[in-house]
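Q: There's a structure below that I have some questions on.
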Amino acid sequence: MSLGNSSNAARTRRHFFGKGAYGLGIAALARLMGEEMPSGGLAEVPHFTPKAKRVVYLFQSGAPSQIDLFDHKPQLERLRGQDLPDSVRQGQRLTAMTASQTTFPIAPSMFRFQRHGESGTWISELLPHTARIADRLCVLNSVHTEAINHDPAVTFFQTGAQLAGRPSIGAWISYGLGSENRDLPGFVVMVSSGTGRNGQPLYDRLWGSGFLPTRYQGVKFRSNGDPVLFLSDPDGIDRNARRRFLDDLGRLNQFKYNDFGDPEILTRVSQYEMAFRMQASVPELTDLSNEPDSAFTLYGPDSRKPGTFAANCLLARRLLERDVRFVQLFHRGWDQHTDLPAQIRKQCADTDQASAALVTDLAQRGLLDDTLVVWGGEFGRTVYSQGKLTSDNYGRDHHPRCFSMWLAGAGIRAGTVVGETDDFSYNITKDPVHVHDLHATVLHMLGIDHEKLTFKYQGRHFRLTDVHGDVVRKAMA
C-alpha cells in the first residue's frame, strides 16, 4: 500500500462523517466568525416554559454544619455528652478522622435558634442576615449523598458522579441552553477563601466540560492581575492587529476543519472570538467604581476587597444582570473537624451578609423572578463530637446522611422548609432530597427535562442525573 493510501486509510470514521457534514460545518463556522446573535443551545431545549433564565450557585465548600445553622434540635441539650445510640448510627461508615474513637459524645449546638419571618423558619443566630430573608427561602433539611469524603462529594455535586471526568452542571446547562450574552462566557466561576482555615483544595475540573465540547466549560475569574488568564494582548499588539491575526487564524482553522471535520476546531475558533470580545467586556464588568456606596453597604465592607466572597457576590450580580447563564461561587473553609464554634463564626461572617444581599439585590432589580439561587455544601456534619467535647468547644466529622441547603428565586416556593430529620439530625424521616433530585430540580426550573438532556459518549447516552433523579415538587411554587 502506498504512503498516500495509508494516509487515507488512517482517516477516522469521525472524519468521514465530518466531511459529509461539510456544508453544515462551514455554516456553523461562518456564524462563529460573524457578528450574529449569541450561540444558542440545542434546538429542542428548553423542553417546556422555564421559570428561570439563569442560576447562581453559592457553593460552600467543606460542608457547613446543618445542626448549627438550620436543623434546630433543642432536645439534644439534655443528651449532651451521652454516647450516640447504635440504633441511630446504624453502623454508618466512619471516616479516618473518627474511626478510632471509642465513644461518640453528642454535641448540641451552642448557638441560639429563632423562628424568622411569617414562615417561622428556624435559623441560627450565626446567620442574622439570612434570617431577614427567611420568607424568600426554601430550606431543604433532608439533602443526602453517598459520598463521605470531600473530593468525591464535591465532584458529585458538580458533575452528578463521584469519579472525575464528567461534565459539570454549568457545562450541561450551557450545552443545553447556550448563551444569551455574546460578549461574556455562558458559565463563570469565582473562588474565595474564608478568613479561618482555607480547607480543601478545589480543582478546575469541577467546572470543566468533561466529554462535552470544551466551549461549554466554566471560565474562572481571578481577583489579581487580568480577571481572566491570557486575556490581555502581548506587548506591541494593538486591537486592530489582534483582529487581523484572528481573521487569518480563522481562515487557517477553516481549512483544517474542511480536512478533518473535527468539532473542536469550531470550539477553538469560537473561543478565540469570545476572548477578543471579552477584552472589551470584562474590564467594564469588573470595574466596580460606578457602583454606589449603597451597594457596598448592602454587601458589607468586604465587598470592596477583590477576591472575597462578598466582592464575588457583587460581581455575580453584575454578571447575572448581563444575562450570564450560570454563575458559580466557591467559598472554601467550612471543614470544621475541630474548634467548630470559633471557625464557623468566621465562615458565617464571611458569607452571611453577602449571600442575603445578593438575594435582596436581585429582588430589588426585578432579577430574582427569573434567577434561581442555590446555597449549600457537599455534605453535613455529625451530631457527635470529633475529639474531646468541652463546655465551649467541639468539632464535627463528615455526615452524608442529611444536611441543609437553601433555594431562592425563580419558581421556588418561598418561606418553606422541605424535609425532616430525626431528633439527632442524623437520619432523614421525611421527604429525602438526593443530589440527583437537586440537579433535576435546577434543570427543571430552566425548562429542561433532566431525562432528555443527554450526550452520547463511548457508546451510551450520559446525563447529569445519571439514571436517577426526581424533581423536588414541594420546593416549587
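Every number in this text was worked out from the coordinates using simple rules, so none of it is lab data. All values derive from a computational prediction rather than experimental measurement. Positions of Cβ are generated from backbone atoms using ideal geometry, with glycine treated the same way; all protein chains shown enter the neighbour counts.
Q: LYS256: which lysines have alpha carbons under 18 Å from its alpha carbon, excluding same-chain residues fewer than 8 sequence positions away?
A: LYS19
Q: Okay, next question. Place a point 7 Å from the Cα of TYR203 along the Cα-to-Cβ direction; which residues of segment 156-176 have their backbone N under 18 Å from it?
A: 156-171
Q: By count of other Cβ within 10 Å, fewest leading, how are CYS313, CYS348, CYS402 ordered? Can you show the working numbers first?
A: On the way: CYS313 30, CYS348 24, CYS402 27.
Ordered by Cβ neighbours within 10 Å, fewest first: CYS348, CYS402, CYS313.
Q: Of GLY333, VAL219, LEU127, whose Cα points farthest to the positive end of the dipole of the chain (charges on the beta-carbon: +1 Lys, Arg; -1 Asp, Glu; origin at the Cα centre)?
A: Positive-most Cα among the choices belongs to VAL219.
Q: Per-residue ellipticity at 222 nm for the chain, helices alone: DSSP H runs ≥ 4 residues times -39500 (n - 2.57), over residue total, nearest 500 deg cm²/dmol?
A: Working: 14 runs with 161 residues, N = 477.
Taking each H run of at least 4 residues, the total per residue is -10500 deg cm²/dmol.
Q: About the Cα centre of segment 205-286, how large is the charge dipole given +1 on each Lys and Arg Cβ and -1 on each Asp and Glu Cβ? Please answer in debye to the nearest 20. Display every interim value, and only then the final one.
A: Values: 12 positive and 11 negative charges, 38 e Å.
For this selection, approximately 180 debye.
Q: Let me ask something else about it. Add +1 for every Lys or Arg and -1 for every Asp or Glu among the other residues with Cβ under 11 Å from the Cβ of GLU146, and state the total.
A: Details: positive: ARG93, ARG401; negative: none.
Surrounding charge for GLU146 is +2.
Q: Another question, then. Between ASP287 and GLU77, what's the calculated FRET efficiency when r is the beta-carbon distance and R0 is 60 Å? Round to 0.05. Present the calculation step by step, with values, prior to reporting the outcome.
A: Numbers: r = 51 Å, r/R0 = 0.84.
That gives a FRET efficiency of 0.75.
Q: Hey, another quick one. Lys/Arg Cβ at +1, Asp/Glu Cβ at -1, dipole of the chain taken about the Cα centre: which of MET274, VAL324, PRO432 is farthest positive-ward?
A: It is MET274.
Q: Then there's this: For segment 348-477, place one equal point scatterer on every Cα, skip the solvent, and apply the Debye formula. What is log10 of I(q)/I(0) at q = 0.10, 0.11, 0.21 Å⁻¹?
A: Treating every Cα as an identical point scatterer, log10 I(q)/I(0) equals -0.45, -0.53, -1.27.
Q: Can I ask one more? What are the extents of the Cα atoms of the chain along their three principal axes, listed from largest to smallest and rounded to whole Å?
A: Over the chain, Cα extents along the principal axes are 82, 58, 42 Å.
Q: For the pair SER87/VAL467, report the inter-label distance in nm, with labels modelled 7 Å from Cα in the Cβ direction.
A: Taking the simple label geometry, SER87 and VAL467 are separated by 3.7 nm.
Q: Just subtract the alpha-carbon distance of ASP339 and ASN181 from 0.36 nm times their residue separation and send over the number in nm, one decimal.
A: 52.4 nm
Q: Averaging over all projection directions, find the projected area of the Cα convex hull of segment 177-301 and quote it in nm² with one decimal place. Before the final figure, lay out the partial values.
A: Working: hull surface 44.5 nm².
Mean projected area for segment 177-301: 11.1 nm², to one decimal.
Q: Work out Dmax and Rg for segment 242-375 from the C-alpha atoms and quote the Rg first, both in angstrom.
A: In Å, with Rg to one decimal and Dmax whole: 20.3, 62.
Q: Follow-up question, since we're still on this one. Using +1 at the C-beta of Lys and Arg and -1 at the C-beta of Asp and Glu, which of ASN141, ALA153, SER404 has the Cα lying farthest in the positive direction of the dipole of the chain?
A: Going by the Cα projections, it comes out as ALA153.
Q: Here is a further query. Please report, in debye to the nearest 20, how large the charge dipole of segment 320-477 is about its Cα centre when each Lys and Arg carries +1 at its beta carbon and each Asp and Glu carries -1 there. Don't jump to the answer; show the numbers that get you there.
A: Values: 18 positive and 21 negative charges, 65 e Å.
Dipole about the Cα centre, nearest 20: 320 debye.
Q: Considering the convex hull of the alpha carbon atoms of segment 193-256, report its projected area averaged over all viewing directions, in nm², one decimal.
A: With the hull built on Cα positions only, its mean projection is 7.1 nm².
Q: What full-extension length gain, to one decimal in nm, is calculated for SER294 and LEU249 as 0.36 nm per residue of separation minus the Cα-Cα distance? List each step's numbers first, then the result.
A: Values: separation 45, 0.36 × 45 = 16.20 nm, distance 4.59 nm.
Here the segment from SER294 to LEU249 would lengthen by 11.6 nm.
Q: Still on this structure: Got the relative contact order for segment 190-260 handy, in percent, Cα pairs under 8 Å and 6 or more residues apart? Let's see the in-between values first.
A: Values: 23 pairs, mean separation 11.8, N = 71.
Once divided by the residue count of segment 190-260, the mean separation gives 17 percent.
Q: Could you give the distance between the Cα centres of segment 185-263 and segment 109-171, to the whole Å?
A: 30
Q: Let me ask another. Work out the length of the dipole vector of the chain about its Cα centre, built from +1 on the beta-carbon of each Lys and Arg and -1 on the beta-carbon of each Asp and Glu, and round it to the nearest 20 debye.
A: 820
Q: Can you tell me which aspartates and glutamates have their Cα less than 15 Å from the Cα of LYS456? Leave out same-chain residues fewer than eight positions away.
A: ASP466
Q: Net charge near PHE104: determine it from the other residues with C-beta under 10 Å of the C-beta of PHE104, scoring Lys and Arg +1 and Asp and Glu -1. Don't jump to the answer; show the numbers that get you there.
A: Working: positive: ARG89; negative: ASP83, ASP86, ASP397.
With Lys, Arg at +1 and Asp, Glu at -1, the net is -2.
Q: Largest first and in whole Å, what are the equivalent-ellipsoid semi-axes of segment 339-409 based on the Cα gyration tensor, each being the root of 5 times an eigenvalue? Mind dumping the intermediate values first?
A: Numbers: eigenvalues 201, 45, 8 Å².
Rounded to whole Å, the semi-axes are 32, 15, 6.
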